[in-house]
1. Tell me which residues, restricted to segment 43-53, are closer than 18 Å to Met84 by Cβ and either outside any loop (DSSP other than H, G, I, E, B) or modelled with pLDDT of 90 or more (or both).
2. Mind checking which pairs have a first residue in segment 54-70 that is under 14 Å from Met84 (Cα atoms) and a second that is in a helix (DSSP H, G or I) and modelled with pLDDT of 90 or more, Cβ under 8 Å, 6 or more apart or different chains?
3. Against the condition in a loop (DSSP other than H, G, I, E, B) and at pLDDT 85 or above, how does Gly73 come out, does it pass?
4. Is one or more of the residues making up segment 27-41 surrounded by 10 or more Cβ atoms within 10 Å (Cβ to Cβ) and either part of a loop (DSSP other than H, G, I, E, B) or modelled with pLDDT under 80 (or both)?
Amino acid sequence: MEAYERRMNALRQGEFIPPADDAYDPQADLKAISGAHKKKTAEQETYLSKERLQELRRVQQERVEAGKMKLLGMDIKQNMGVRMDGTMFDD
């Protein structure tokens with residue numbers, strides 16, 4: 001009860017009052033750290049297969065190369081940086 005009275009008197013006088021349960025909990029810190037280090041689950045499903053993603057990456061790399069070649073004044077192949085999926089132009 002005496003501790004409560006001291007706390008209330010300090011509060012009335014406008015002093016800083018630490019929380020009543022300001023004890024350090026090392027387990028809470030360890031739990032927070034272990035939670036931060038856990039590997040996040042990546043989204044497993046994509047609508048593109050791995051092969052299609054690799055093909056798109058290759059095409060993007062070709063586009064970057066074509067842009068650099070154009071800046072240097074070099075001739076660029078017409079199909080460089082273009083991906084044909086065979087749906088529109090095949091007869």
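The values are calculated or read from the model by the stated rules, or taken from the named source; none is laboratory data. Please read all numbers here as calculations on a predicted model, not as lab measurements. Backbone-built Cβ (ideal geometry, glycine too); neighbour counts: all protein chains shown.
1. From segment 43-53, those closer than 18 Å to Met84 by Cβ are 48-49, 51-53; that's our starting set.
Matches in segment 43-53: Glu51, Arg52, Leu53.
2. Filtered contacts from segment 54-70: no entries.
3. Values: in a loop (DSSP other than H, G, I, E, B): yes; at pLDDT 85 or above: yes.
Yes.
4. No, because not a single residue in segment 27-41 is surrounded by 10 or more Cβ atoms within 10 Å (Cβ to Cβ) and either part of a loop (DSSP other than H, G, I, E, B) or modelled with pLDDT under 80 (or both).
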